[in-house]
Structure formats: C-alpha cells, structure tokens
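Read through the structure below, which is laid out as structure tokens, and then see the notes.
Here, each number is a calculation from the coordinates, and none is a lab measurement. Everything numeric here is computed off the predicted structure, so don't read it as measured data. When we count neighbours, we look across all protein chains shown, and the Cβ atoms used for this are built from the backbone with ideal geometry, even at glycine.
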Amino acid sequence: MQKISLGKLRGLQQISSQRGTFTALALDHRQNLRKANPAFISDEELSRFKLDVTSTLASRATAVLLDPEVSAAQAVAARCIPNNVGLVVAVESTGYTGDATARQAQIIPGWSVEKAKRMGASAIKLLVYYHPDSPTASEIESFTKSIANECDKHDLVLMLEPLSYSLDDNKKLSSEEKKYVVVESAKRLTPLGADILKAEFPLDAAESDQKLWKDACEEISTASPIPWILLSAAVDYEVFLQQVIVACNAGASGIAVGRAVWKEAVTMNNDERIKFLRTTARHRISRLTSLCHALAKPYTDFYTAEPEYDWYKTY
C-alpha cells in the first residue's frame, strides 16, 4: 500500500464509486468533435452538446471528464454535474506539436493545474503522446514529471493518459508493438508521480482472442504500481463492453468512456440527441458502471492515508 496525501485521497473518493472503482464519463474531446459535426465549429454549439451529454449521463457515472475551453466551467455553472459525481479537468492542448514520429505536448495556453484546483476539480487529466523509443521520450517524461510536481504542490489527483503512436509514418503499430508501447509506457511513466493511469487497450482493436486480451491487460497491471483504468478509444460499445470485462478481471480499476457510449449523438439534431442520450446512451453507461463496480480493483487496494492528530500543523 502506498501512502497518499489527504487532498489526493479526497479527490479519489470524489471520482470513484463507494467501493473505490472508477467510471469516468469522458467529454474532453475537442478537435475530433469539431471535425465530426460542422456545427461544433461554434464554441456555443460544442458546449451545448457537451452539456446535454453531461446533464443526461453524469449521474450514472462516478466522474465526468471535461475540458476548460468550452465545458468545465459551463457545466459547473449550469449545475449539470450532480453533487456526488467528481469533476476531472483536462490540462493539455488538443493534438500534439512536433513531428508525427517525435511528438511533443503542451498545457492549454492560459490554463494550469493551480487554476483547475481553484475551480473545484477533483482531479486533472494529462494526455501525452508517448513512445518509449521516440527521440522525444525523455522530453515527455520530464514534462509529465513537471505536471506531477504541480499536482503534488496543489494536492490534486493526476490522471495520466499516454497515447501510443508509430515511429514509422507509413504504418500503424502492429498489435504486438502496441502492447509493448502501452505496457512500457505504464512502466516508465507511472513512477513519475501520476495517481491513476488511463491506459489504451493494449492490443489492436481487430485482435479477437480474449486469452491474448487477458494476458496483455495483466501485463499492464504488473507494470503499473498505481490504479489503471481503460479508455474506450471510440470502439463500438459492444466491443468495449467485452474489453471492460476482461480488463477489470485482469486488474483494472475501472474505465474512462466517451464515444463508445455517446458517439451516435454527435450528428443528431437536438430532439434525436436527447432521446438517444436518455435511452441507449444512459443504458450503456449504467451497465458499464455496474460492471466496474462489480469487477474492478478498487483504488483502496493501492492507497492509504494515516494522518496524525497534529497533521494540520505541517500540511
């Protein structure tokens, strides 16, 4: 068991179930949503979509993941987030800088960990594009460590999301290469100060052998000394459902799910959207939350806090 600070422990409590598992409703998408629906070029329309999804589905999750540009403050102000659901706010700029085979990251200009803490976030999410053999690997590691230090300073949970990529511009990662990158990322980046690892499914989505799924997910569990949750990466809901069952049985502590739950709503008109969110999407997120609650490994298996009675004097 690792000792954790009181602020971070409280943040973990706020974004998890009573049992200590995670189902984060992910809505921090920006450019990919603008590309999917031309109406979302407008900040107002993109924000309206995110608030529709948040107000309809957040109560069925343990946390909601939003961006500061068009949704986090707006969702708080509109009271779209239930009092018993945690708020995770992204800090990274969308996309990446640098070459496609040597990617770099940056914080959203004008935004910071300290501001996320002040506005009431329970945690921040940091996405970095990472390949352990990339020329920029050490730069990404230093960047991650610097954000982790900021989270320590402000006693705020850090949810770290490394995304894999190929070092060959002409081909994507093979299934075996993807597993190497995902597992090695867990091994190298989690010791830098993250509190939760938000991990990709460690094999190509076309891989259908669930024995290989289980083995690969167990490798993440072995590599990561902190709780890890599975991201949905826009796969279809039924595929993600099976991935979740395997991952949680292999040691995952939950999920961060976005498009697998709500992607059909992106191109719907307002009435169709609300109907879809209240029926199909709500059923999906409810089922996923129940699965995580039943099967996932609680964060309390990883963390503990044992404050002395005079803790506040040196806090």
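Quick notes
- Helix-only CD estimate at 222 nm, as mean residue ellipticity for the chain, using -39500 (n - 2.57) per DSSP H run (n ≥ 4): -12000 deg cm²/dmol
- Considering only segment 2-313, percent of DSSP beta bridges that pair antiparallel, nearest 5: 10
- When only Cα pairs below 8 angstrom with a gap of at least 6 residues are kept, the chain shows a relative contact order of 21 percent.
- Local electrostatic count, S134, Cβ distance below 10 Å [Lys/Arg +1, Asp/Glu -1]: -2
- Our summary of shape: the Cα atoms of segment 198-315 have principal axis extents of 56, 37, 21 Å, ordered from largest down, in whole angstrom.
- Charge tally in the Cβ shell below 10 Å around Y180, where Lys, Arg are +1 and Asp, Glu are -1, Y180 excluded: -3
- Sorted largest first, extent of segment 17-145 alpha carbons per principal axis (Å): 43, 40, 24
- Measuring between alpha carbons in the structure, the pairs from K115/K179; K35/K275; K117/K313 lying more than 26 angstrom apart are K115/K179.
- Once the C-beta distance of Q2 and A77 is scaled by a Förster radius of 45 Å, the resulting FRET efficiency is 0.80 to the nearest 0.05.
- Residue-span extension gain [E306 to M119] - 0.36 nm each, minus C-alpha spacing: 64.6 nm
- Restraint check, K8/K125; K3/K145; K153/K187; K214/K297, Cα-Cα greater than 21 Å: K153/K187
- Stretchable slack from K275 to K172, in nm (0.36 nm times residue separation minus alpha-carbon distance): 33.4 nm
- Full extension of the chain segment joining R287 with K313 gains 4.9 nm, where the gain is 0.36 nm per residue of separation less the Cα-Cα distance.
- Protection proxy ranking, highest mean first, for peptides 299-310, 270-281, 60-71: 60-71, 270-281, 299-310, where packing is the per-residue count of other beta-carbon atoms within 10 Å, averaged.
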